Ligand SMILES: [Ca+2]
Ligand SMILES: [Ca+2]
């Protein structure tokens, strides 16, 4: 009987460990990582990223363009972003964090439920 209890405890511990691992992966899936300045998402910040930013600014659409990575200062894509990446590539002092990995938590796509709605005349939720 004691052996059965020990075996059950081990099996339950393994099941709990597996659940924790899957839960951690589920949380991690809501995050996006990119390298600031790596506008073409090849893993490096090079002069090619400057070219990609300049092409997008010239209204040439590129499938590999990562706007978050190209927008260095977070105020929208403009020529200053290309300039800042150029300065980084030319090894000027960087105070903007170019070349560093940025982790962004993505908003969940789960829609709010009406379970806590108390006002029957409340307007419905309209997603953006
Ligand atoms: Ca790149
Ligand atoms: Ca910008």
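Derivation of every value follows stated rules applied to the coordinates shown; laboratory data play no part. As the structure is a prediction and not an experimental result, all values here were calculated from the model. We place every Cβ from the backbone using ideal geometry, glycine too, and count neighbours over all the protein chains shown.
Using a simple spin-label model with pseudo-atoms 7 Å out from Cα toward Cβ, residue 32 and residue 62 lie 1.7 nm apart. On full extension, the segment bounded by residue 101 and residue 55 gains 14.2 nm, given 0.36 nm per residue less the C-alpha separation. For a test of the definition: using alpha carbon positions, the gyration tensor, and the 1.5 limit on a/c, classify the range 38-105 as rounded, prolate or oblate. Taking the square roots of the gyration eigenvalues as a ≥ b ≥ c, the range 38-105 is rounded.
Multiplying the sequence separation of residue 47 and residue 8 by 0.36 nm and subtracting their Cα-Cα distance, what value in nm do you get?
Working: separation 39, 0.36 × 39 = 14.04 nm, distance 5.92 nm.
Roughly 8.1 nm would be gained on extension.
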